Amino acid sequence: MKTCTFCCMSLAIIVLMTNIINMTVSKRHIPTTLDGPFEPATRRFDPSLRRGSDDLPMTHPRLRMNVSLNFPEQIALAVSSPTSMWISWVTGNAQIGLYVTPLDPASVRSEVWFGKKSGKYTSVGKGDSLIYSQLYPFEGLLNYTSGIIHHVKLEGLEPGTRYYYKCGDSSIQAMSQESSFETFQTPSPKNYPTRIALIGDLGLTSNSTTTIDHLTHNDPLMILMIGDLTYANQYRTTGGKGASCFSCAFPDAPIRESYQPRWDGWGRFMEPLTSKIPMMVIEGNHEIEPQADGITFKSYLSRFAVPAEESGSKSNFYYSFDAGGIHFIMLGSYIDYNSIGAQFSWLKQDLQNVNRSVTPWLVATMHAPWYNSYASHYQEFECMRLEMEALLYQYKVDIVFNGHVHAYERMNRVYNYTLDPCGPIYITVGDGGNIEKVDVDHADEPGKCPSAGDNIPEFGGVCHSNFSFGPAKGNFCWNKQPEWSAFRESSFGHGILEVVNSTYALWTWHRNQDSYKENAVGDQIYIVRQPELCLKDSKVLQLQNSQQSLHTIRLSLLLPFIICLFTLKPHCLY
């Protein structure tokens, strides 16, 4: 009798909570991609906001060096695999001036003490160290040599487990404070990180500070940094004010100086996050940083550990990794992407190796967008799209994240500029807060269409052309917001991806101006996978999948309430 009463009460609670969920959904309906394709929408730039902000000075408390000489700073984590984690940090003083003397990397050890309990370290990991230099033998430009950069890969970790660690050199008693991290669950269609943050084109401005503070409040489990990290290559010529005339300040220098102390400041700025959660990076154009003898990308290649070797890549410019049931592919826009090149060959092999029954979600990122309706960078990377888009489409990539354009834009599902239910959702989040200001002009507005000679990429060829089909046939630009552009807004911010299950993922874009408003979102949508639809073009299957997906998401929303109620927690009904 007691069992029956309990069951009846349980059923009543489930019915009650289902009704609450339905009422909540009806009040604030979050659209899904099943509702699309959407009519193009634009939220205009708010003139009460600043389009940009000044760079933070190197004396800012979040950029200053706050440790003694050989103690670790700029500590950062990066995923290697579910059973291994990279830990990187910097020791010693960097030098900048006409004459610099590199430090000896062997003078300080690279050690990580770690274990499953705070203060009890049962293992020690050891790794490698290096220094790099940026040399500019031209009048007016300053040379730089870095502190000692350490990279240690911790191996043999247990998936889904919290570890506590210190890093440094125990022989000279120069160890960091304790921090901790949690490894990802084993790849599975049932395991997903709770929240993944995405940022592009961050920089080190007061807007960057708002972005990072807002992101921290959203408590992500990982950060994807989609290129253009520090804008160190503009700091000396902008003077913190956004001016870009390098030749005015340094008329006799053939190379733009990259002010490398900004990299150190950026590492300190990010450490409160990156010492606790992994940050996965990919290069952007501001990481090129050319110096003497044609050397490029020296800072990027030296400072970050990425799972290139682990993913079969021979280059840190492109790699892949798993986070639970998501397979992430990080692509390089500024290295050969030709279909007969190494990156393309690696990408094809990597896609062939993906087991969608283990990692159902397939997410790609690269700095430069292929789909972009802003005047800035319009059709800039058409060559890369023409080389690689068909491959991503063939293997049914679900989402593609980009930066580069300093604004937000979410696309309808698209392939070859045509609405396609099997195409990826492309999302541009190049709105982190950098010195170059928000992009506000759209290529489809009168007088804003770039000429075919504009937007020349810093790497690769030029493939600008008029459209040969569709509503823009015969024209270089559309005369209205393109049908593949679902929503766009000029504002700084960041995004959060929350994968619910193998079918649903919630995407939320947060605007900086809403950072102090509870539950405020700039854009939000459930991205829905429909693999059956794309394998078999059947409207019946689409309808069945649609109904099943709606039932699945309602259940996923309901379950936490039920669990909460049966644990008798008082906050459940609020």
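The values are calculated or read from the model by the stated rules, or taken from the named source; none is laboratory data. Computed from a predicted model, the values in this text were never measured in an experiment. Don't worry about glycine lacking a Cβ; one is built from the backbone with ideal geometry, like all the others, and counts go over all protein chains shown. Just the protein is used for accessible areas: all its heavy atoms, side chains included, with ligands, DNA and RNA removed. Shrake-Rupley method; radii C 1.70, N 1.55, O 1.52, S 1.80 Å.
Exactly one residue out of Lys166, Lys126, Lys120, Lys116 is in contact with a strand residue (DSSP E or B) (Cβ under 9 Å, 6 or more places away or on another chain), at pLDDT 95 or above, open to solvent by 60 Å² or more (accessible area, probe 1.4 Å) and under 20 Å from Pro307 (Cα atoms): that is Lys126.
Whether a residue is of a type in the set (A, V, I, L, M), under 30 Å from Ser247 (Cβ atoms) and touching a residue at least 24 places away in the same chain (Cβ under 8 Å) was assessed, and Leu103 does not pass this test.
Only one of the listed residues (Arg43, Arg50) is open to solvent by 60 Å² or more (accessible area, probe 1.4 Å) and at pLDDT 95 or above. That residue is Arg43.
Would you confirm whether any residue within the range 405-415 is out of contact with any Asp or Glu (no Cβ under 6 Å at 6 or more places or on another chain) and among the polar types (S, T, N, Q)? There is at least one residue in the range 405-415 that is out of contact with any Asp or Glu (no Cβ under 6 Å at 6 or more places or on another chain) and among the polar types (S, T, N, Q). Considered as a group, the residues in the range 365-385 that are of a type in the set (D, E, K, R) and surrounded by fewer than 24 Cβ atoms within 10 Å (Cβ to Cβ) include one that is nearest to the chain's Cα centre (by Cα), and that residue is Arg385. Quick check on Gly156: is it on the phi > 0 side of the Ramachandran plot, open to solvent by 60 Å² or more (accessible area, probe 1.4 Å) and at pLDDT 95 or above? It is true that Gly156 is on the phi > 0 side of the Ramachandran plot, open to solvent by 60 Å² or more (accessible area, probe 1.4 Å) and at pLDDT 95 or above.
Under the condition of being closer than 19 Å to Asn402 by Cα and touching a residue at least 40 places away in the same chain (Cβ under 8 Å), which residue from the range 339-350 is farthest from the chain's Cα centre (by Cα)? Here the answer is Phe344.
Scan the range 79-89 residue by residue and report those that are open to solvent by 10 Å² or more (accessible area, probe 1.4 Å), out of contact with any Pro (no Cβ under 6 Å at 6 or more places or on another chain) and of a type outside the set (S, T, N, Q). Hit for the range 79-89 is Trp86, nothing else. Counting only residues that are open to solvent by less than 20 Å² (accessible area, probe 1.4 Å) and closer than 17 Å to Asp350 by Cβ, how many does the range 284-314 have? Going through the range 284-314 one residue at a time, the tally reaches 4. The residue list Pro446, Pro450 contains one member that is farther than 30 Å from His217 by Cα, at pLDDT 95 or above and open to solvent by 60 Å² or more (accessible area, probe 1.4 Å), which is Pro446.
Just one of (1) more than 21 Å from Met280 (Cβ to Cβ); (2) open to solvent by 10 Å² or more (accessible area, probe 1.4 Å); (3) assigned to a loop (DSSP other than H, G, I, E, B) fails for Ile335. It is (1). Among what's in the range 286-310 and is of a type in the set (Ser, Thr, Tyr) and not in a loop (DSSP other than H, G, I, E, B), pick the residue that is nearest to Lys153 (Cα to Cα). Only one residue fits best here, namely Ser302. Would you confirm whether or not the range 548-564 contains a residue that is modelled with pLDDT of 50 or more, open to solvent by 30 Å² or more (accessible area, probe 1.4 Å), more than 18 Å from the chain's Cα centre (by Cα) and among the small types (Gly, Ala, Ser)? No, that holds for no residue. Between Asp514, Asp523, the distinction of being among the acidic types (Asp, Glu), under 26 Å from the mean Cα position of the chain (by Cα) and modelled with pLDDT under 95 belongs to Asp514 only. Only residues that are in a loop (DSSP other than H, G, I, E, B) and under 19 Å from Cys477 (Cα atoms) were counted in the range 374-400, giving 7. Residue count for the range 212-254, restricted to those that are hydrophobic (A, V, I, L, M, F, W, C), open to solvent by 30 Å² or more (accessible area, probe 1.4 Å) and at pLDDT below 95: 4.
Rundown of residues vs (1) part of a strand (DSSP E or B); (2) in contact (Cβ under 8 Å) with a residue 24 or more places away in the chain; (3) in contact with an Asp or Glu (Cβ under 6 Å, 6 or more places away or on another chain), yes/no style:
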residue: Phe38; (1), (2), (3): no, yes, no
residue: Pro47; (1), (2), (3): no, no, no
residue: Thr59; (1), (2), (3): no, no, no
residue: Asn70; (1), (2), (3): no, yes, no
residue: Leu77; (1), (2), (3): yes, yes, no
residue: Asn93; (1), (2), (3): no, yes, no
residue: Tyr99; (1), (2), (3): no, yes, no
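Determine if the range 66-78 includes at least one residue that is under 25 Å from the mean Cα position of the chain (by Cα), open to solvent by less than 10 Å² (accessible area, probe 1.4 Å) and among the small types (Gly, Ala, Ser). Yes. Modelled with pLDDT of 95 or more, farther than 29 Å from Phe317 by Cβ and open to solvent by less than 10 Å² (accessible area, probe 1.4 Å): is that true of Ala174 in this structure? Spelling it out, Ala174 is indeed modelled with pLDDT of 95 or more, farther than 29 Å from Phe317 by Cβ and open to solvent by less than 10 Å² (accessible area, probe 1.4 Å).
Among the strands (runs of 3 or more DSSP E) confined to the range 401-502, the ones with at least 1 residues that are free of Cβ contacts under 8 Å to residues at least 60 places away in the same chain are located at 425-429.
Among the residues of the range 441-473, the one identified as within 26 Å of the chain's Cα centre (by Cα) and of a type in the set (S, T, N, Q) is Asn455. For Ser188, state whether it is farther than 17 Å from Leu77 by Cα and open to solvent by 10 Å² or more (accessible area, probe 1.4 Å). Judged against the criteria, Ser188 is a match.
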